[in-house]
Structures are given as C-alpha cells and as structure tokens.
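The values are calculated or read from the model by the stated rules, or taken from the named source; none is laboratory data. Fair warning: this is a prediction, and the values are worked out from it, not measured in the lab. Note that we place each Cβ from the backbone using ideal geometry, even for glycine, and neighbour counts take in every protein chain shown.
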Amino acid sequence: LKMGSALPLAPPFDPQTREYAVAVPLGDDAVSVFYQPSDVGQYIEVDSYPQQPTTRRRLQLYRASPPVSRGEEQHKFVEGQFPIDLGMTRRILIRIQSAGPAKSTSTYTVTLSRPQCPDKRPLFDPEKRRCFDSCNEGYFSDPDTNRCEQCNVFCRRCTSILDCLACYRDDDDYTYALSPKGDGSCRRAVRHVADEYQWVIVPLAILLVVLVMVGLFGFLFFFMRWRKRQIWEQYYEDDDEEELLDYYPDHRDAVALASGQG
C-alpha cells in the first residue's frame, strides 16, 4: 500500500498496522491510493466514507463510485483515486481477503485530511492550486466551496455560472456577445473584413457620397448655366430678326439679309 504524489503514510506502512493518516497538500483536489495483491486469487475491496469537515467525527459509510476497485488482481499495482475538498477529511477502507482456504480478511483504514485556505486568502484557485483573496478574470467565487469556479463559455466576468456580466473582448478573428439562451454563456462569431476595417470603410463611404453629391450639384449648375446662355442667345437672335422685319416689309428680303449678316 502506498499513496500517490509520494505522500507519506503516518505511520509508515506495516502489514500489522491497520490505521493510517495522510496529510493532503492544500493544492491537491484528489489523492491516489495504490495497492498490490501479494497472492494470486487474493480479493481486494475498496470503500470510502463521504468526506466531512475536519471538526466532525461521525462518519457514515459511503461506497465510492468510481473510485472503487474490487476483484482479483495479478500482482500489479491498482490505483484508486479519491477526491477531497478544502478543509475536509475522508476515510478509505481497504479490505483484503486472503486466497487461502480460511479466507481470512484484513481491513486497513486510511484517513485523508486537507487543510482550509487561510482567512486572509479564503478562495482556492484550481488552476494555480493556491489560495487568493479574489478570483481571476473568467472565474467567480463560490461561497459554498470557497473555490474560484470558471464562468460559462466565452464569459469574461460573471457572478455565477448562469449570470454573465461581460463576454470576452473582441479580437482580430472573432466577436463575442451574450447568448440569447440566457444561460450565462456568450456566442462567438467570425469577424468579417468589413467589420475589421469598419473604421476606415465608413469614413471612405461618407467621403464618396459627398464627392458624388458635389459632382452632381456641379453638373446641374453648369448645365443650367449653359442652358440659360442658350435661351438668351436664342432670344437675342429672335429680337434681331424682328427689328429687321420692321425695316424690311418684304419678309424674304429681311430673312435673306439676316442670313447674310450671320
């Protein structure tokens, strides 16, 4: 029998000693227990009590699943993994039944104990495996477990898994927005070229519209000016023709004279 992560048994393992204690480091959320059958046909059963606060002594038997391994093993180390929360203890029972005709049974008890975060840094960060006074971005503090739990998908700041206050910041490739499902998650959308260069495209579009309008007004101005000149020229030509007709009663002679002057 030995513990994972080189955790020492107290006292060191002895087949005649049935009670052991293990001090679990604050940063470990689970402990592995390795046991090796010594005889072919030996039967090993592993059970676990539910974890309890370190101040409570009364425990009830809990048959863990999964970390339970039972049956016949062929001289190989078998691993059972047992989760344990901050400030909790957990008792593990290992029953070994011999392969001989007597089928004698031996029971070993291992008590796991994990400390609590200090009052000045009461929140445990599972990524850094240390205690802090506040949670990092993308996590929220769970008062029931005194842990920093991760926010929902693409959420940058939240008060719970179902309450997102701010999504990830937009980057060069994606944009983020709250999901309409209302489950505390955020949606991610691919950023298009038009969105990426919107700060350039919008001013250019406005400038293009202004230039088109200026060009249109300029065209209308010069067209109207040209049209006005044409009207005045036609007016003066008609006026000259009337004056000639006054002096020359013969219309044909007047028109011929006017054509000759032109």
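Residue pairs, Cβ under 8 Å, 6 or more apart or interchain, first in the range 8-19 and closer than 16 Å to Val33 by Cβ, second exposed (fewer than 11 other Cβ atoms within 10 Å of the Cβ) and not charged (D, E, K, R). List them.
Thr17/Pro11
Quick one: count up the residues across the range 134-181 that are in a loop (DSSP other than H, G, I, E, B) and either of a type in the set (A, V, I, L, M, F, W, C) or over 22 Å from Gln116 (Cβ atoms) (or both).
18
Scanning the range 113-133 for residues that are among the acidic types (Asp, Glu) and assigned to a loop (DSSP other than H, G, I, E, B), which turns out modelled with the highest pLDDT?
Asp133
Can you tell me which residue within the range 99-154, out of those that are charged (D, E, K, R) and under 30 Å from Gln36 (Cβ atoms), is farthest from the chain's Cα centre (by Cα)?
Among residues in the range 99-154 that are charged (D, E, K, R) and under 30 Å from Gln36 (Cβ atoms), the one farthest from the chain's Cα centre (by Cα) is Lys103.
Between a residue in the range 155-167 that is surrounded by 15 or more Cβ atoms within 10 Å (Cβ to Cβ) and any residue that is β-branched (Val, Ile, Thr), which pairs come within a Cβ distance under 8 Å, given they are 6 or more apart or on different chains?
Filtered contacts from the range 155-167: no entries.
Find all pairs meeting these conditions: Cβ atoms under 6 angstrom apart; at least six residues apart or on different chains; first residue within the range 197-215 and at pLDDT 90 or above; second residue assigned to a helix (DSSP H, G or I) and of a type in the set (Lys, Arg).
Short answer, once both residue conditions are applied: none.
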